[in-house]
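Undergrad: This is the structure, below, for whatever I ask next.
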Amino acid sequence: MALSHTSDSSIKVDHLYTFFVQWSPNIYGDPRRKHGFLLVDKKELAEIDSLLRDPEPEHWNIITVRGATCSQSVCSSQCVSTSENKDTEDTLPVLTQDSHILREHHLEKIAPHLPARLQCSPWQLVYSTEIHGTSLKTLYRKTAEIQQPVLLLIQDTHNQVFGAFSSDSFRVSDCCYGTGETFLFTFSPEFKMFRWSGENSYFVRGFLDSLQLGAGGGPFGLWLDSDLLRGSTFSCNTFCNTPLSPHHDFRVQALEVWSFQ
């Protein structure tokens, strides 16, 4: 954050105060206002003073300058500061393990659509067919160990990538579960996401022989069998989505489930 100045000599302290409250609420917010005055230490006062005594006073404007951000590659867990351009400034999530599916362009597209509370969280690999084999029971066992949202990623044998974000970890259930945060998405052939339509609450339901996401008077938005080898995707009322893959019935090449630390 920076202040630039153009041409006006009438700068008032209350304008500066408004600026500081707006951009640093944790420092200048309500706790310091409750008695009707603002506490400013000597260093801050000197900085404000120097601004007001500028030999060429001008009109103040607020300029947003994006600070150092974490740019994370798929296989690296180091946080790198950069300010080269908007593309490189976008924050990518930290992956604590390697992914057999995700590439940087996938992360760039999907990460901003996660709930705000998760966007700065490192991603933890909970289940992978490459590591744990192909078994829905194993997937349930792994996700039972966590009680938080999960991201399901599928790569089919045609190299199409798609999946779902679930507000609840996957489990066997007698009824549907999840919240309106749940959504489907696809990168095939371009990124699209399908949020809750509000028509019903058939978000997720787990059976021993299948995992179902989205329903309502017809096929499922996304369906997987007990061996996590076959699946299907159709339009459904829950998300009003288009099929996530050009092939309604698909075979799974790789499948991963990620959680958020």
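Undergrad: Let me spell out the model: positive unit charges on the Cβ of Lys and Arg, negative unit charges on the Cβ of Asp and Glu, origin at the Cα centre of region 157-261. What dipole size does that give, in debye rounded to 20?
TA: Numbers: 6 positive and 10 negative charges, 29 e Å.
The dipole of region 157-261 has a size of about 140 debye.
Undergrad: Within region 174-239, list the GluC sites (Glu not before Pro) lying in a DSSP loop whose Cβ has at most 14 other Cβ atoms in a 10 Å radius.
TA: Glu190, Glu199
Undergrad: If you stretched the chain out fully between His247 and Leu208, how much longer would it get, using 0.36 nm times the residue separation minus the C-alpha to C-alpha distance?
TA: Length gained between His247 and Leu208: 11.6 nm.
Undergrad: Does anything in region 151-182 have its amide N under 11 Å from the 7 Å Cα→Cβ label point of His100, and if so which residues?
TA: 155, by backbone N distance to the label point.
Undergrad: Report, in debye and to the nearest 20, how large the dipole of region 85-151 comes out about its Cα centre when Lys and Arg carry +1 and Asp and Glu carry -1 on their Cβ. Intermediate results must be reported in sequence, preceding the final value.
TA: On the way: 7 positive and 8 negative charges, 78 e Å.
I would put it at about 380 debye.
Undergrad: Projected onto the charge dipole of region 114-261 (+1 at Lys/Arg Cβ, -1 at Asp/Glu Cβ, origin at the Cα centre), which of Gln155, Gln253, Leu213 gives the Cα projection farthest towards the positive end?
TA: With unit charges placed on the Cβ atoms, the residue in question is Leu213.
Undergrad: Let me ask something else about it. On a full-extension model of 0.36 nm per residue, what is the gain between Ser197 and Thr179, subtracting their alpha-carbon distance, rounded to one decimal in nm?
TA: Using 0.36 nm per residue and subtracting the Cα-Cα distance, I get 5.3 nm.
Where a number appears in this text, it was derived from the coordinates with a stated rule and is not lab data. Being a predicted model, the structure only gives us computed values, none of them experimental. So basically every Cβ, Gly included, is an ideal-geometry build from the backbone, and we count neighbours across all protein chains shown.
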